[in-house]
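Since the structure comes first, as structure tokens, the remarks are kept for the end.
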Amino acid sequence: MQAFTNRDGQLFAEGVALSAIAERFGTPTYVYSRAHIEAQYRAYADALAGMPHLVCFAVKANSNLGVLNVLARLGAGFDIVSRGELERVLAAGGEPAKIVFSGVGKSRDDMRRALEVGVHCFNVESVDELERLQLVAAELGKTAAISLRVNPDVDAGTHPYISTGLKENKFGIDIEQAPAVYARAAALPNLEVVGVDCHIGSQLTSLPPFLDALERLLALIDLLAAQGIRIKHLDLGGGLGVQYRDEQPPLAGDYIAAVRERIKGRDLALVFEPGRSIVANAGVLLTRVEYLKHTEHKDFAIVDAAMNDLIRPALYQAWMDVTPVQPREGATRNYDLVGPICETGDFLAKNRELALAEGDLLAVRSAGAYGFVMSSNYNTRGRAAEVLVDGAQAFEVRRREPLAELYAGESLLPE
Ligand code: LLP
């Protein structure tokens with residue numbers, strides 16, 4: 001669905017004009033659409049209907065409590081990578097039994113808390129983590145359900161974005177080593193092997209890499225069965241891409257249909273960990289033009305959002321669409337959209353043909369994933385507000401960060 005549409009010459013989020021949101025809550029502000037989030041989640045859940053499954057939203061993509069709560073109400077599970085994300089999910093009403101715990105650096109405290117609340121599964125990324133989890137679980141007298149995150153070494157040559165599924169990166173356990181590590185896990189008394197997990201990368205725009213990885217994991221599952229280790233669920237991670245510009249990523253429904261076809265006849269539950277594909281296009285970053293600066297070489301639109309609010313363009317040279325909220329007539333110029341931060345890398349977009357005037361509102365599109373969550377206080381800038389739109393209503397789900405809070409935890413040296 002299209003959450004953001006043009007109506008009467010201006011951009012709306014569902015039934016609310018973005019100009020009204022800017023008026024009421026100020027800028028910069030992240031604006032999310034509840035209906036879009038729900039539709040994207042349902043695309044996964046509907047395609048999995050009739051078989052055991054969990055759709056675990058990757059909290060790292062957008063961890064706002066309001067957003068998590070929208071998903072929790074639909075019965076979503078959650079993929080977390082830290083104690084902090086665990087607490088957020090619980091605060092948002094998520095069910096512990098539907099949480100999978102990923103990440104290469106789980107501390108003993110992380111493990112303890114996750115065992116206490118009873119998460120569905122730990123996605124274990126190394127032998128040492130396995131041994132540590134055994135110790136922590138034994139101390140608590142609990143059993144930890146585990147999957148191993150396997151690194152299927154899917155060919156990056158043909159699929160340039162799948163960088164996390166390759167042998168040379170820090171994630172997962174080499175698929176060749178996996179049978180031995182599973183044997184070790186099965187021998188540890190406080191662990192219960194339940195699944196196989198992988199996540200081969202993010203913003204994938206075609207199915208073949210996912211299906212290559214799937215074939216390798218199925219072969220591993222067969223090998224484990226021959227070893228007497230029965231795998232109950234297969235977790236294929238996240239990674240489905242979205243349209244930022246002209247990408248044509250597969251639909252979740254088509255992806256899942258292809259997976260279901262390949263696991264036919266097996267007694268396997270499916271787990272997915274989508275992040276971006278649920279929330280990216282459910283959000284925009286709303287920002288206002290502070291100044292227009294025309295130099296001999298370049299036209300700059302200096303806006304009130306900056307790289308601390310949205311770092312994807314600066315960090316990944318990510319292209320994000322920018323649209324005026326109330327488009328104006330008149331001559332366009334080729335603008336770089338830059339923020340107030342004192343760095344040349346502080347840009348949100350480059351070379352955009354726009355007709356602008358000081359005070360205009362702009363929407364940076366597809367900003368619902370890896371937007372606010374990656375923001376910082378660089379240059380002592382408070383973080384943006386977040387607003388969740390539900391039909392004709394807009395709710396502030398995070399207030400703008402007050403300046404005094406930025407240094408509230410700091411202190412002067414004693415006299
Ligand atoms: N599961 C695991 C274990 C992950 O590491 C990730 C993302 C996901 C699930 C969710 O993947 P998604 O469905 O969102 O592709 N900050 C970067 C993206 C980093 C993704 C990290 N891992 C960006 O802004 O593009």
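The values are calculated or read from the model by the stated rules, or taken from the named source; none is laboratory data. Owing to the predicted nature of the structure, the values given are computational and were not obtained by experimental measurement. Here the Cβ positions follow ideal geometry from the backbone for every residue, glycine too, while neighbour counts run over all protein chains shown.
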Among the residues listed as LEU361, LEU388, LEU354, LEU406, the single one being under 21 Å from the mean Cα position of the chain (by Cα) and surrounded by 14 or more Cβ atoms within 10 Å (Cβ to Cβ): LEU388
Hits in segment 59-68 - residues which are part of a loop (DSSP other than H, G, I, E, B) and either surrounded by fewer than 18 Cβ atoms within 10 Å (Cβ to Cβ) or within 13 Å of the ligand (Cβ to nearest atom) (or both): ASN62, SER63
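Inside segment 202-301, counting only helices (runs of 4 or more DSSP H) that do not spill past its ends, which hold 3 or more residues that are away from the ligand (no atom under 13 Å from the Cβ) and over 30 Å from ARG184 (Cα atoms)?
Qualifying helices (runs of 4 or more DSSP H): 252-263.
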Within segment 49-58, tally of residues that are surrounded by fewer than 22 Cβ atoms within 10 Å (Cβ to Cβ) and either within 16 Å of the ligand (Cβ to nearest atom) or of a type in the set (D, E, K, R) (or both): 1
Lone unmet requirement of (1) surrounded by 17 or more Cβ atoms within 10 Å (Cβ to Cβ); (2) at positive phi for GLY265: (1)
Cβ pairs under 9 Å, 6+ apart, first in segment 200-221 and without any contact (Cβ under 8 Å) to a residue 60 or more places away in the chain and assigned by TED's automatic domain parsing to the domain that holds ASN151, second more than 13 Å from the ligand (Cβ to nearest atom) and of a type in the set (Ser, Thr, Tyr): PRO208/THR158; PRO209/THR158
Residue list for segment 72-103, filter: hydrophobic (A, V, I, L, M, F, W, C) and within 17 Å of the chain's Cα centre (by Cα): ALA72, ALA76, PHE78, ILE80, VAL81, LEU86, VAL89, ALA92, ILE99, VAL100, PHE101
Complete set of residues in segment 296-353 that are without any contact (Cβ under 8 Å) to a residue 60 or more places away in the chain, under 25 Å from GLU23 (Cα atoms), among the β-branched types (Val, Ile, Thr) and out of contact with any strand residue (DSSP E or B) (no Cβ under 6 Å at 6 or more places or on another chain): ILE341
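Yes or no: ASP309 within 22 Å of GLN40 (Cβ to Cβ) and either in the same structural domain as SER375 (by TED's automatic domain parsing) or of a type outside the set (A, V, I, L, M, F, W, C) (or both)?
Here the answer is no, as ASP309 does not meet what is asked.
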Residues located in segment 69-84, provided they are touching a residue at least 40 places away in the same chain (Cβ under 8 Å), out of contact with any Leu (no Cβ under 6 Å at 6 or more places or on another chain) and within 13 Å of the ligand (Cβ to nearest atom): ASP79
